[in-house]
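**Q** Please read through the structure below; I'll follow up with questions.
Derivation of every value follows stated rules applied to the coordinates shown; laboratory data play no part. Here the structure is a predicted model, which means the values were calculated and not measured. Because the Cβ atoms are built from the backbone with ideal geometry, glycine has one as well, and the counts that use them run over all protein chains shown.
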Amino acid sequence: YALQGSRWRVKDLTYKISKYPRNLGKSETDEEVRKAFSVWSDVTPLSFTQKKVGQVHIEIRFERGEHGDGDPFDGPGGTLAHAFFPVYGGDAHFDDSEKWTVNSYRGTNLFQVAAHEFGHSLGLSHSDVRSALMAPFYRGYEPAFNLDSDDVEAIQALYGSRDDSEAHGSEDDNTSAGSGKKPSTEVPPTDDGEDAELCTDARIDTIFNSAEGVTYAFKGQHYWKLTEESIAPGYPKLISKSWIGLPGNIDAAFTYKNGKTYFFKGSQYWRYTGKTMDGDYPKYISEGFTGIPDNLDAAIVWSGNGKIYFFKGSKFWRFDPTMKPPVKSTYPKPLSNWEGIPDNLDAALHYTNGYTYFFKNGMYWRFNDRTFAVDSADPPFPRSAGYWWFGC
Amino acid sequence: PVRTHAIQSETQAMMYLSQFGYLSPSVRNPNSGHLMTADTMSRAISEFQSFAGLNITGHLDGDTLEMMSLPRCGVRDRVGFATSSRSKR
């Protein structure tokens with residue numbers, strides 16, 4: 001699944017059908033829309049209440065052709081509907097040129113399409129899981145509709161799950177439109193979801209290359225896989241789902257030449273091979289990385305000498321695992337030795353192109369290993385990490 | 001599902017890939033004579049095939065054209081289409 005990056009801050013949402021379809025009755029439309037919302041309220045603490053007049057969170061309209069949002073509908077078939085993510089208002093528009101139907105193999109099933117669109121209204125992007133409701137393609141009427149586990153995980157990543165008592169209470173109201181699944185008992189992420197967004201706030205916790213050469217950015221409970229130009233489709237994802245046992249809000253990370261990836265948070269560190277934890281972790285930084293302080297800002301492996309550099313505040317430490325002690329007595333040294341690099345970094349990365357990148361407050365600096373200074377370039381550094389790294 | 005919007009030509013496929021975030025939005029601008037390399041088109045097709053769970057061939061094969069012809073949601077599959085200049089990190 002993929003989260004767009006915004007979500008509603010309230011649990012009780014209202015909606016209004018401002019413009020009904022021409023070929024389907026109002027009461028049938030009301031009922032199908034209600035059932036479509038219940039797909040999501042069955043597995044989250046969200047509630048949806050229809051209003052006939054006044055201000056609402058989600059406005060629903062059946063429109064034809066150009067209808068004022070710059071994204072005209074295209075007649076029967078093709079595009080069936082579209083919806084806006086929470087940050088853009090959450091409204092859902094349906095192409096009134098379609099033959100909207102209820103419980104029929106003819107036409108286009110309103111309930112299924114509405115449930116999909118409301119997924120967008122709540123903050124979900126398209127999923128690449130074919131069986132998911134949030135897959136972008138209409139598969140035809142499915143009389144035994146079931147929400148896919150991918151959809152459940154997605155929406156619960158944003159809003160959490162219903163508690164057990166509520167879940168049992170809802171079973172009485174289960175209809176064929178319901179999910180047919182018990183709400184997940186999995187504990188939702190403890191963050192407030194705000195970190196699932198890189199384009200409004202491009203600050204990151206850490207960034208590192210895997211042993212396979214994939215670059216990952218971590219922020220809060222989520223992570224993104226980076227491509228050459230931006231972020232890969234299908235992200236963010238939960239760190240805890242991929243690196244089992246690893247907490248969120250990581251301070252620093254790097255992959256060493258032995259192929260192991262090390263994550264640092266507070267006074268502890270974790271070691272993984274790929275996404276599998278290497279035995280009994282976490283361990284204390286003071287034991288595994290003697291001489292390196294807790295609560296780090298960033299870490300990199302310098303390709304030239306294979307040594308590990310740790311950054312915190314206005315200082316840096318060089319760690320050489322082959323030496324005893326691994327940190328020389330001349331460390332820490334002032335970060336100002338790295339010409340042009342600011343103190344109190346957020347993250348750092350020795351990238352596959354040989355440059356070293358430093359990140360702070362959504363900006364980044366490219367450090368040239370040969371001149372040992374920040375590169376002069378047009379546009380100059382620091383540059384927006386959102387634009388240049390995350391494709392915003 | 002009705003397939004009233006069958007994708008049959010490379011131009012239609014380009015428009016589709018642009019509309020849903022696999023190619024630059026400028027492809028859809030009728031005022032821009034958009035040129036792209038075969039590699040760019042192939043990469044976009046591959047990304048669509050990957051997302052749709054098809055065999056990744058990089059070519060507009062029958063399965064790909066059929067998938068593109070399915071009724072679907074109008075929301076883009078990929079957001080933040082990056083221009084090549086962004087690779088100059």
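**Q** Just checking the protein assembly as shown: which Cys have no other cysteine's beta-carbon under 4.7 Å?
**A** Cysteines of the protein assembly as shown left without a disulfide-compatible partner: B:C73.
**Q** How many percent of the alpha carbon pairs in region A:103-159 exceed a separation of 18 Å?
**A** Cα-Cα pairs of region A:103-159 separated by over 18 Å account for 28 percent.
**Q** Here is a follow-up. Working from the pairwise distances between different alpha carbons, so that the mean of 1/r is found and then inverted, what is region A:222-355's Kirkwood radius in Å?
**A** Radius from the Kirkwood sum: 15.8 Å.
**Q** Still on this structure: Over 26 Å between Cα atoms, which of A:K11/A:K35; A:K307/A:K333; A:K35/A:K99; A:K219/A:K315; A:K99/A:K237 qualify?
**A** Distance filter (> 26 Å) returns A:K99/A:K237.
**Q** So how much slack lies between A:K324 and A:K275, counting 0.36 nm per residue of separation and subtracting their Cα-Cα distance, in nm?
**A** 14.6 nm
**Q** Evaluate the relative contact order of region A:291-336 (contact order divided by residue number), counting alpha-carbon pairs under 8 angstrom at least 6 apart; express in whole percent.
**A** 30 percent
**Q** What nm distance separates the two modelled labels at A:T14 and A:D201, each placed 7 Å from Cα along Cα→Cβ?
**A** My value for the distance between the label points is 2.8 nm.
**Q** Right, here's the next one. If you average the sequence gap of Cα pairs under 8 Å that are 6 or more apart and divide by the length of region A:352-392, what percent do you get for the contact order?
**A** 32 percent
**Q** Do you know the relative contact order of chain A, to the nearest whole percent, from alpha carbon pairs under 8 angstrom that are 6+ apart?
**A** In percent, rounded to a whole number, it is 12.
**Q** Among A:G160, A:G90, A:G54, determine the one that fluctuates most according to a GNM of chain A built with springs between C-alpha atoms less than 10 Å apart.
**A** A:G54
**Q** Let me check I have the definition right: for region A:287-361, take the eigenvalues of the Cα gyration tensor, multiply each by 5, take square roots. What are those semi-axes in whole Å, largest first?
**A** Taking √(5λ) for each eigenvalue gives 19, 15, 11 Å, largest first.
**Q** In Å³ and rounded to a whole number, note down the convex hull volume per residue for the Cα atoms of region A:195-238.
**A** 74 Å³
**Q** In addition: Spin-label point model (7 Å from Cα, Cβ direction): what's the A:Y351 to A:E66 distance in nm?
**A** In this crude spin-label approximation the distance works out to 4.1 nm.
**Q** Next up: Kindly list the residues of region A:337-362 that lie in the label zone of A:D375, defined by a backbone N under 12 Å from the point 7 Å along the Cα-to-C-beta vector.
**A** Those under the cut-off are A:351-358.
**Q** What Rg and what Dmax come out for chain A when only alpha-carbon atoms are used, in angstroms?
**A** Every Cα atom of chain A included, Rg and Dmax give 24.8, 80 Å.
**Q** Apply the Kirkwood formula to region A:1-110: the hydrodynamic radius equals the inverse of the mean of 1/r over all pairs of different alpha-carbon atoms; give it in Å with one decimal.
**A** Kirkwood radius, region A:1-110: 14.9 Å.
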